[in-house]
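Encoded as structure tokens, the structure appears first; notes follow it.
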Amino acid sequence: MSLAIPNGLDNTVEQPGERAPLVLGDTTYHDITEAVCQVAERKPSTSWVIGFLISFALLQWLTICILYLIYTGVGVWGNRSPVFWGWPIVNFVFWVGIGHAGTLISAILFLFRQEWRTSINRAAEAMTIFAVVCAGTFPGIHVGRAWLAFWLAPYPSLNLWMWPQFRSPLLWDVFAVSTYGTVSLLFWYMGMVPDLATFRDRSVNKWRRMAYGVLSLGWSGSSRHWMRYEKAYALLAAFAAPLVLSVHTIVSFDFAVSQVPGWHTTIFPPYFVAGAIFSGFAMVLTLMIPARKMLGLENLITIRHLDNMCKIILATGSIVGLAYGTEFFIAWYGQVQEEMFAFTNRAFGPYWWAYWTMVTCNVISPQVFWFKKIRTTPWMIVTVCIFVNIGMWFERFVIVVTSLSRDYLPSAWAYFSPTWVDWSMLIGSFGLFFTLFLLFCRLMPVINMAETKATLAKQYHVSNDGDH
Amino acid sequence: MSENNEKKVHGVVAEYTSVDTLLNACRRVRDAGYEKTDAFTPFPVHGIDKALGIKPTVLPWIVLGAGVTGTVTALVMQIWMNSIDYPYIISGKPFLSLPAFMPVAFELTVLFASFGAFFGMWALNGLPKFSNPIFTDPRFDRVTDDRFFLYIDAKDGQFDRGGVEKLLGDTETDYVQTVVDDDSSDKVPKPFFMMWGLVVGLSVIPLLVVLKMRVSHSSQPRFHVFYDMDFSPAKDAQQYSTLFRDGRAMRPDVPGTVARGEEQANLNYMTGIDMEALTAIDPSRAERLVRRLNPYFQSEVESAQEPNTDTEKSSTDEPSQGDPEKNPAAAGDTGPEKAKASQADASDTAPAAAKPSVMETTPWLDSNPLVLNEKVLADGRKNFGIYCSVCHGMNGSGNGLVNVRAQKIMSPDWIQPSSLHQETLYADKYPAGKLFSTISNGIRKMPGYAGQIKTRDRWAIVAYVRALQLSRNASIEQFKDIDEPEQAKILKEQADAKKALQEKADADAKAAKKALQEKADADAKAAKEKTDADAAKASS
Amino acid sequence: MSEHNAPAPKSSDDPAFTLPASLAALRLPLCVGGLIVMLFGWWLASDIGDHGDNFGMSVYLTAAVYCMTIVLGCLFFVLIQHLVRAGWSIVVRRIAELVMVMVIPMGILFIPVLASLWTGEGTLYSWDNPEYAIEHGLPLDVWQEKLRWLNQGWFTVRTIGYFAVWSALALFFFKNSVRQDKTGEKAITDKMQYWSGPAVMLFSLTTTFAAFDWVMSLAPMWFSTMFGVYLFAGSILGAHCLLAVVSYVLQKQGALRDEVTVEHYHDLGKLIFGFVFFWTYISFSQFLLIWYGNIPEETEWFYVRQIGSWGYVALALIFFHWMLPFAGTMSRHVRRRPGLVCAWGAYLLIMHYVDVYFMIMPTVEDGNVGGVMGVVASILCVVGMAGLLSGLCLGLAQQNKVVAVRDPRLGESVAFENF
């Protein structure tokens, strides 16, 4: 059952003094339930099946490559002296960054009382979890002896007789990304419980009912429960917000605490966070625009939602651009030869093509979102967002590879090339991501029905002009 | 409905179709004084807490406590692990690097606080709770869709079924129903337990296997999934190697190698021989020693001695592993012996016994060149204990552990190490230098220790051996410093000890003799009985 | 946002919307008194020690930068509220607008700073001193390059440029807001929303470079890409604190009693809490990266700020600018008590001054901060300057309404409720 957009209703225009409706059409609570539940209840569509088969194939390819890597060793990658951090770390930072948008939408927009987040936060949170899974794979396998990765945990080891080294940002990463994954998972799951109860109550099949029944913990919609639930939700949001900041900050510390030219700049923390949100929103839009069309959710994920997300992309893209400019200026201002060289090398050295791709995609392309026409045309949005994601991947590539390939000693300079395993793992990670996401679409409620109904209730209230 | 009267009444529920009608009803119920009430809604309704009189929750305090616990845990953990228990220097950062500990402290604060919020909330809500009487009514399924319910619990003090039904009926509802249990069983189905039992049982098996393997022994190496560099291809000592012609994995020193710290100019010190005296007696040997031990002098001596020492020089200079007979410089540890052998070969006159051996003719140093003090003796004892005592025993009597073992396994070609307390090894007959040379170069079955013990330590061992010898054969007269009463006391102690030993020996001998006698008597008796028995047999 | 508390809408002429007479009476005393105290403080500072001029100018700069950060914070507040189409903040936005216009008097107050460049040599900024590099054994080629940016002419042009941009922005948004008081046109809101985007971009650029120029160049060999953000963080915190304090004072004197509700204080309290955290995050990150990298050209800035008594100031910032207000403004119960929010706001305004002092004063020549007399002079100077600006601000407020009376979202703002 699809909810078609009534002609002529454009909720992107908001008159000062009124608030634009966020749920369109003559939608009732039941319509919301139907629209969201049918995504998981009906038979999978052809496009879903094809998408799933392709993603799953890519996932298998990734698995094979990982097994090959563990069996043979880290040498199958292109990592060589002096570029010891190659694509694995680039991919790690890329995926962790993408994950941040989900938490931002869930937590930070919640704290800012942005009602429009209610129809997109579930899918965005799911995206966060899957992005963190993709991200976590890379540091896990790049350590060389992946079966000993548990040595990073602070447990009393009877054969090592030593503890992890807490003065290292790589260990801070372990804690940060684990905490982020855990908290995101808790937040996502907690948010889903009422909707899983909806699935349970609509289930006809006994096993389905039991499965969703267990997952929804016996949720009954009790107001007393809702009260504590809301409190927990607000508290988790209050913690998740600084957590989002801290995770990508700590990831940026991996680079910024070093002395490598091009890495050791103090603006890295907020710059990385802005970049993460930037790429994350781009990925959210890339997923959401096809999804809303194919799943018939255009009245819930409206053009206004897309418009708002594009504005956030514009804002964070501009922050990233400002950071680039500041870094460049201060490199000149500081007059440290190696730092100045690092920047000229980026633009004109052997990786100039990566640098200019990055600048075009990150600084120039989001600027088109100043134009409302582009912000409200879905296919244009998807195009720009894909460029943004490419640009953000290249940003991490430029940071990691150009700085390492040419740092202090010219005798140590070398050109880095990826191997087929590097390529395979990058593409395969998308397979992992999309497999999980498509499974999520089939098994879990893709929109937060409870919150969207609450948004609708407010809308009813406003339009009824408050009768008490 | 009569069947309902038999079942337990949990409460009464009413259904509403909008938020406003629900809120109105809630206020009426609250104002009527009912406290054990609850509303059920598909989404959180703004204002319902006030409408029903729901009090705020203590959850924020739980979360605060959990968060603070997280901070403290993180800081204590990091400070303990990196500053107290196993501190090591990382790029000059202090052991207690508080700035560096902040990120993890922050993360654990957030993690613990989140656990507090998540688990605290479910706990306070009493969830998971899969069985709830309100679920018995199928109409209630719409609570997660688009219907709102108001419930008054039977446990409320004011509860009276009729009154409650009337009150709710007066609100804007079309459906009021009593909540009772349904016919479904309230026992957990058996397959559930069986399945869990199976899961738990199966999951214990790997644990048991691991535990068993941890406590049991095996003669096979541990099963390796990942080799983890456990089987290193590097050669161990004493292993065979195909890379060298002689097949040894351990390579000997390159001839002419001088250990760092051993480049002494003082050859007396290094050889134990009075080099001046040796030069007078046997200049060629002196020269060889000089060349072997001090490569700095090599060129000078070579150019001076060239025409006379061709053969020796060529054999000395080539660092080949060839014939040790012809290359006394390479075979350092058998030097004196081989030198002696070559001397014997070279001479074709009288048998070896008639000609004195090199060991006897060499002008050894008489005294230890080290200044003897407690430290030297202590070092000597330490090194003796490390290198010498395994064969010669801690007391130098020749019964070290190696000897004990060799006797036990009755090793066929084992010769007991010399006792250091033989008279032939006393200082008057075996000068210090000779002892030093023996330690350095070996003798008979004993290897030379020049490669393992520093020169100075070898002299210390010499001093210690002298001390050991004195411990066995010192006479009281040698200790001139001891005064008379002390001397007498020591002598008396010696005499007493000797007497006690003697008495014990006598007693042992007597006991042994007695035992022997008894055995002989017993044998005789047995023999006699036998002959008697035989005789009796024969006679019968 | 339910409206079950909505009061009956008042007319635009309601006295609740004008500056109370008690405050209006303070205009002239504050202006005159503030000016006198500021000049006295400045003179007192110039009289201290061997490098009186340098010390005096540093004290003056501290006061000027402090006031500037608050004013700029208010400007940013206004821009961002327009950008995100916020509804809750309408009732306090006018206060921020009145303060942001003070960027124009600040421009005049900045003239002595520029004058010190043209008259003295290195009175305030050591790069203005031609002998500095040689005296301190700095690499001359590096120094020459830097002087291409740090020279009196270009610096002056830039400073004038910053003030030009800020004044233009402040006046644009103020004038439009005030015009809406009279006409109530919704198109004005649309216009301000439309231009808020580019305005924020301009603001970011100018503020970043102003921070580099005015404060970071006091240590000309040092650099930190985060510096602009660091100054901005303190600035936005100070602005929110000021809004809380001023709202409370206005309410106590009789204005806006029904308009600014406990819900607004709750939001301001939340934002103050959030920005305390943000300030901590930014300043800690800057410190951690420089500490960890341990590169001498970067650590010198922090090193100077941790030896001797400056170490205590640093500790004070950690405990009293981070931990105490963080714990204090965390609770919902604190945030819903206007008096407490005002108190924390006032407290943090003081701590923000300590932060600015910590940024600027350690760079005085010989590191001599003149003991007690020096601190007293600094405090007098900043109190005087703040007083002067308050007086001017009150003057402006008296000619206008203290709330945007015909803003289309005023009703929404008054009625909103927190969760």
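Within the set B:ARG381, B:ARG405, the sole residue that is outside any loop (DSSP other than H, G, I, E, B), assigned by TED's automatic domain parsing to the domain that holds B:GLY442 and surrounded by 13 or more Cβ atoms within 10 Å (Cβ to Cβ) turns out to be B:ARG381.
When C:ALA164, C:ALA210 are checked against the criterion of being outside any loop (DSSP other than H, G, I, E, B) and touching a helix residue (DSSP H, G or I) at 6+ places or on another chain (Cβ under 8 Å), a single residue qualifies: C:ALA210.
Note on the range A:176-210: residues that are closer than 25 Å to A:ALA131 by Cβ, over 18 Å from the mean Cα position of the chain (by Cα), touching a residue at least 40 places away in the same chain (Cβ under 8 Å) and at the interface with chain B (Cβ under 10 Å from one of its Cβ atoms) amount to 5.
Conditions (1) in contact (Cβ under 8 Å) with a residue 60 or more places away in the chain; (2) within 13 Å of chain A (Cβ to nearest Cβ), marked per residue:
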site	(1), (2)
B:ASP146	yes, yes
B:GLU165	yes, no
B:VAL179	yes, yes
B:VAL215	no, no
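When the range C:362-373 is filtered for residues that are small (Gly, Ala, Ser) and buried (at least 21 other Cβ atoms within 10 Å of the Cβ), only C:GLY370 remains. Only helices (runs of 4 or more DSSP H) whose full extent lies in the range A:1-107 are considered here, and the ones with at least 3 residues that are within 14 Å of another protein chain (Cβ to nearest Cβ) and either of a type in the set (A, V, I, L, M) or more than 24 Å from A:PHE130 (Cα to Cα) (or both) are A:29-41, A:46-72.
Flag: B:PHE223 matches the condition of being assigned to a loop (DSSP other than H, G, I, E, B), exposed (fewer than 11 other Cβ atoms within 10 Å of the Cβ) and not assigned by TED's automatic domain parsing to the domain that holds B:LYS7.
Per the listing B:ALA25, B:ALA100, B:ALA105, the residue uniquely over 24 Å from B:ALA123 (Cβ atoms) and facing chain A (nearest Cβ under 7 Å) is B:ALA100.
If you go through the range B:133-188 and keep only what is within 30 Å of A:ILE32 (Cβ to Cβ) and in a loop (DSSP other than H, G, I, E, B), you end up with B:ASP137, B:ASP145, B:ASP146, B:ARG147, B:THR171, B:GLU172, B:THR173, B:ASP174, B:ASP182. Given the condition assigned to a helix (DSSP H, G or I) and either within 14 Å of another protein chain (Cβ to nearest Cβ) or surrounded by fewer than 21 Cβ atoms within 10 Å (Cβ to Cβ) (or both), answer yes or no: does some residue in the range C:400-409 qualify? No, the range C:400-409 has no match at all. Residues in the range B:367-378 that are surrounded by 14 or more Cβ atoms within 10 Å (Cβ to Cβ) and not polar (S, T, N, Q): B:PRO369, B:LEU370, B:LEU372, B:VAL376, B:LEU377.
Could you say which residue among A:PHE430, A:PHE434, A:PHE440 is under 17 Å from the mean Cα position of the chain (by Cα), away from chain B (no Cβ under 14 Å) and surrounded by fewer than 19 Cβ atoms within 10 Å (Cβ to Cβ)?
Selected residue: A:PHE430, the only one of A:PHE430, A:PHE434, A:PHE440 that is under 17 Å from the mean Cα position of the chain (by Cα), away from chain B (no Cβ under 14 Å) and surrounded by fewer than 19 Cβ atoms within 10 Å (Cβ to Cβ).
In the range A:275-291, the count of residues that are surrounded by fewer than 24 Cβ atoms within 10 Å (Cβ to Cβ) and without any contact (Cβ under 8 Å) to a residue 60 or more places away in the chain is zero. Kindly evaluate C:PHE277 against the criterion of being within 14 Å of chain A (Cβ to nearest Cβ), surrounded by fewer than 21 Cβ atoms within 10 Å (Cβ to Cβ) and either outside any helix (DSSP H, G or I) or out of contact with any strand residue (DSSP E or B) (no Cβ under 9 Å at 6 or more places or on another chain) (or both). Judged against the criteria, C:PHE277 is a match.
Only one of the numbered conditions (1) surrounded by fewer than 20 Cβ atoms within 10 Å (Cβ to Cβ); (2) at positive phi is violated by B:GLY396, and that is (1). The number of residues in the range A:39-59 being of a type outside the set (Ser, Thr, Tyr) and free of Cβ contacts under 8 Å to residues at least 40 places away in the same chain comes to 5. Within the range C:25-41, the presence of at least one residue that is more than 14 Å from every other protein chain (Cβ to nearest Cβ) and aromatic (Phe, Trp, Tyr) is confirmed.
Applying the condition of being within 13 Å of chain A (Cβ to nearest Cβ) and under 22 Å from C:LEU237 (Cβ atoms) to the range C:291-321 and asking which residue is surrounded by the most Cβ atoms within 10 Å (Cβ to Cβ) yields C:TRP301. Just to be sure, is C:LYS146 more than 9 Å from chain A (Cβ to nearest Cβ) and either assigned to a helix (DSSP H, G or I) or surrounded by fewer than 15 Cβ atoms within 10 Å (Cβ to Cβ) (or both)? No; evaluated as a whole, the condition is false for this residue.
The values are calculated or read from the model by the stated rules, or taken from the named source; none is laboratory data. Since this is a predicted model, take the numbers as computed values, not measurements. We place every Cβ from the backbone using ideal geometry, glycine too, and count neighbours over all the protein chains shown.
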